[in-house]
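What follows is a short report on a single structure.
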Amino acid sequence: HRDLHSFPTRRSSDLREQSWNAMATIPAAAQVHILHGMLWGVQGYAPATVVEKLAAVSGSAVSDAAQWLAWAAGQAAEMELGPVLDFWMSAVESALPAEQYKGFGFFAGVERLDDDEWLELTLKAAQRCSSGLEQAGQVARRAATRADDPRAIRLVASLLRSKLELWEIYDVAQVGVEMYRQTATEDAAAKAELRERLLEREFLEVRADD
């Protein structure tokens, strides 16, 4: 792909069009080029625009972009997170198909991402992702570090409601049981929702804790 610093000042609209057209033939390379443009604030690559255009390309393009951004954020400590968070917020504020949100689960592994921002955005993504976030177990474990926050409880409940693989369900539910037992939240509705999701998944030990 073209080097980040080689974006020319002239004919930028032509290059943008070429980038979007390339998503149909060389999607991986085109995606990286487009996301680099977004990260560097290149005109025409605003996060909301990138979300909108990627969503029109394929049923997983936004998810794939989220996975790449999470990987890049974890690899490059100097990478600015502002555009990434704007991309994420634009995605969760859009009514995209559930599959488009799966890749946002990979942000659970980005430790330098502020816990509060991560929790808020991941909860919104999980609530839109009925097919289940990627790295669901890791998402649940990071949420468990904020077990007294009702959003963390609702996040784990949302994961349990989604269509996870059986081994993922077990992993998430084990975290959920411990959160249910240990949380000091005063949000009874959030705790009741987690209890209901655990019982639906047949983790009946929470009954004994009532």
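The values are calculated or read from the model by the stated rules, or taken from the named source; none is laboratory data. Please read all numbers here as calculations on a predicted model, not as lab measurements. Cβ placement follows ideal geometry from the backbone for every residue including glycine, while neighbour counts extend to all protein chains displayed. Each accessible area value is taken on the protein alone, full model and side chains, heavy atoms only, with ligands, DNA and RNA left out. Shrake-Rupley method; radii C 1.70, N 1.55, O 1.52, S 1.80 Å.
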- request: Calculate, in nm to one decimal, what E178 and R207 gain on full extension: separation in residues at 0.36 nm each, minus their alpha carbon distance.
  value: 9.1 nm
message: With +1 on the Cβ of every Lys and Arg and -1 on the Cβ of every Asp and Glu, and nothing else charged, how large is the dipole of the chain about its Cα centre, in debye rounded to the nearest 20?
response: 560
- prompt: Mind checking which of Q67, Q138, Q75 has the largest fluctuation in a GNM of the chain, springs on alpha carbons under 10 Å?
  reply: Q75
field: Relative contact order for the chain, counting Cα pairs under 8 Å that sit 6 or more residues apart, in percent
entry: 14
- request: Report, to the nearest 10°, how far helix 115-128 tilts away from the longest principal axis of the Cα atoms in the chain, using its own Cα long axis and a range of 0 to 90°.
  value: 90
- request: Leaving out ligands and nucleic acids, note down the accessible area per residue over the stretch 70-210 with a 1.4 angstrom probe, in whole Å².
  value: 48
message: Ignoring everything except DSSP H segments at least 4 long, calculate the 222 nm mean residue ellipticity for the chain; use -39,500 (n - 2.57) per segment, divide by total residues, nearest 500.
response: -19000 deg cm²/dmol
query: Tell me, what HN-Hα J-couplings in whole Hz come from the Karplus equation 6.51 cos²θ - 1.76 cosθ + 1.60 at θ = phi - 60° for each residue of the stretch 162-169, using x for Gly and Pro?
result: 7, 8, 7, 5, 4, 5, 5, 4
statement: Taking Cα atoms only, helix 27-39 is inclined relative to the longest principal axis of the chain by an angle, in degrees rounded to 10, of 90
- request: Report, to the nearest whole %, how much of the accessible area of the chain belongs to carbon and sulfur atoms, 1.4 Å probe, protein only.
  value: 48
message: Please compute the length gained on full extension between T49 and A72, using 0.36 nm multiplied by the number of residues separating them and subtracting their Cα-Cα distance.
response: 6.3 nm
- request: Over the stretch 64-176, consider all pairs of different Cα atoms and compute the Kirkwood hydrodynamic radius from their mean reciprocal separation; express it in Å, one decimal.
  value: 13.7
query: Expressed as a fraction of 2.2 N^0.38 Å, the rule-of-thumb size for a compact globular protein of N residues, what is the C-alpha radius of gyration of the chain?
result: 1.13
